[in-house]
1. Could you check segment B:299-321 and list, in sequence order, the residues that are crowded, with 21+ Cβ neighbours inside 10 Å, under 25 Å from residue B:204 (Cα atoms) and within 11 Å of chain A (Cβ to nearest Cβ)?
2. Filter segment A:258-276 down to the residues that are more than 11 Å from residue A:196 (Cβ to Cβ) and crowded, with 24+ Cβ neighbours inside 10 Å, then identify the one that is farthest from the other protein chains (Cβ to nearest Cβ).
3. Among the residues of segment A:22-58, write down those that are surrounded by 14 or more Cβ atoms within 10 Å (Cβ to Cβ), free of Cβ contacts under 8 Å to residues at least 60 places away in the same chain, assigned to a helix (DSSP H, G or I) and within 28 Å of the chain's Cα centre (by Cα).
4. Which of (1) modelled with pLDDT under 80; (2) within 22 Å of the chain's Cα centre (by Cα); (3) surrounded by 22 or more Cβ atoms within 10 Å (Cβ to Cβ) does residue B:180 not meet, given it meets every other one?
5. Given (1) within 14 Å of chain B (Cβ to nearest Cβ); (2) in contact with a helix residue (DSSP H, G or I) (Cβ under 9 Å, 6 or more places away or on another chain), identify the lone condition not met by residue A:127.
6. Scanning for something within 30 Å of residue A:26 (Cβ to Cβ), within 14 Å of another protein chain (Cβ to nearest Cβ) and modelled with pLDDT under 90, does segment B:203-210 turn up at least one residue?
7. Just checking, does segment A:199-211 include any residue being outside any helix (DSSP H, G or I) and under 23 Å from residue A:139 (Cβ atoms)?
8. Among the residues of segment A:91-141, write down those that are part of a loop (DSSP other than H, G, I, E, B) and either closer than 30 Å to residue A:74 by Cβ or touching a residue at least 12 places away in the same chain (Cβ under 8 Å) (or both).
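The values are calculated or read from the model by the stated rules, or taken from the named source; none is laboratory data. Just so you know, these numbers come straight off a predicted model, no measurement behind them. Cβ sites come from the backbone with ideal geometry, for glycine too, and all protein chains shown count toward neighbours.
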């Protein structure tokens, strides 16, 4: 197990390094892009551009620029924004993380619990009305763009039915920290959570249904029935445990991507100042150090969660662990 | 996956049990066309494509407006009265103007945008771009995923190591962020490649970006399948009788990998469509003067509360199209799944 963990850690470092290079190349080496022109503003003279290049170290060779940026990001931790050099990147990211964690956490809780319920119910009523209804909901769920669902949610909860009993409890858009007022924190986030989880509920309930249906054809389920186990026990102890494997392995990827910035649209439309909104602001102003760091942080969570899921996988499915030991 | 006629010849019993012995392709097509949901999806998609193709006819003869020109002082006849398309606000303080709401008639069916343009006509025109971008982007994804997956899986060794590690890195980059980053650095820029030039407002830029970011998700299963075929007995046999590698690749491997691409095709179109609309909504996708369903929703965002149909209608167009694509995708996936044998 220790060797496996060490191997995964090495792989993590490798992927993070590769990723930082890809991001750096996208922003600094795309043909036609000139960070100096962006900092200096429109119509800057050649002298100004040269001065900017020198001041920001943009005249040095790309590998040196890359290494010095990584050093400032990871070792000195004093990387500053290009547009405002007293604006430090790291504190801004640390301040926005709780918002993104709040959004992602609630979304994940809703998506995992609802899709387990939907997927199991659909698999158990296979071919019947409940199954068809749930799978239709799932199909529509995966077919709606999040920004549109969020717009419609705002239309209904903030305007159209704001006065009715149904949505009068919905507070105006914005964010309240958990430490300040937990009740208000949750109230502000319920609609964003539901909006963000619809797509994933669709994906995961469909996935769980199909893997459950498959598992119920397996021999060990027949054996369990022959042993005289109750249907409930077969479902929870045998079928669901096996059927959850693909569910769990995808969960790591999607949860990581969610924290990394897939909450961007939800944050923008519901006015939540998280990592996604920070990334988007940086992208809009082409603030390269900011973008590099937010994307690096985001992908760190993707890779980290992937590793954790692999470990969990080994725990759920003993065959994986055995295979790795050999 | 050898053809089923071969196995039927070797096992006479099987041949007598199976009434018609067909190849895997004919079997799959037969399975698809037997599903009512596939027929519905194909018909609705054909209707959507036909409707967007008929956009000029709609604009000319039904809505009788130019959906690309601003018409701030236009008037239309409604219930025997001539009304302004952009009306002064009468409620509240009576400040500003508000575009006409849905008439549910031929002109301004779902209302006008803030520039006096017919939103329904714009949806039909925008649909052309949305469908075109999703279709071409998917083609790019499939072709390059096939190339990458085949090279990595068939040649193995250093080629495989480099390509899979590269895919690992891109895999850790959330698709949406990658697409956003690429869009931001390319937006408003024209590219001169000597032989041809891409204009800054060209829809080729979002097409390329969406096409590229989806490659790893298809290349991985292609690689896995290629490895499986390469290690199969019939490939070993082919090598044994001295068939050259390129022939094995073309005759044995490619036909066995193609079903993966076909299974991925409808859902990749669906994913590309959602991605395009999201980028366009963030104003980093399709650029003016071109429009797509995503840009129409963005343009009408200020009218969300006062004229919701200008946002609801283009969104429903996306949802309807993507639902049909996913429905088709489900049927195609099941049709190519060798485990689903019950009806053949």
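1. Across segment B:299-321, the qualifying residues are B:300, B:314, B:315, B:317, B:318, B:321.
2. The first filter runs over segment A:258-276 and keeps only residues more than 11 Å from residue A:196 (Cβ to Cβ), leaving A:259-261, A:268, A:271, A:273-275.
Filter again for crowded, with 24+ Cβ neighbours inside 10 Å, leaving A:259-261, A:274-275.
Details: A:259: 9, A:260: 5, A:261: 5, A:274: 14, A:275: 10 Å.
The selected residue is A:274.
3. A:22, A:26
4. Going through the list (1) modelled with pLDDT under 80; (2) within 22 Å of the chain's Cα centre (by Cα); (3) surrounded by 22 or more Cβ atoms within 10 Å (Cβ to Cβ), residue B:180 breaks only (1).
5. Among (1) within 14 Å of chain B (Cβ to nearest Cβ); (2) in contact with a helix residue (DSSP H, G or I) (Cβ under 9 Å, 6 or more places away or on another chain), residue A:127 violates only (2).
6. Narrowing segment B:203-210 to residues within 30 Å of residue A:26 (Cβ to Cβ): B:203-210.
Okay, now just the ones that are also within 14 Å of another protein chain (Cβ to nearest Cβ), so B:205, B:208-210.
Filter once more, keeping what is modelled with pLDDT under 90: B:205.
Scanning segment B:203-210 turns up at least one residue that is within 30 Å of residue A:26 (Cβ to Cβ), within 14 Å of another protein chain (Cβ to nearest Cβ) and modelled with pLDDT under 90.
7. Keep residues of segment A:199-211 that are outside any helix (DSSP H, G or I), which gives none.
No, every residue in segment A:199-211 fails to be outside any helix (DSSP H, G or I) and under 23 Å from residue A:139 (Cβ atoms).
8. The first filter runs over segment A:91-141 and keeps only residues part of a loop (DSSP other than H, G, I, E, B), leaving A:125-128.
Hit for segment A:91-141 is A:126, nothing else.
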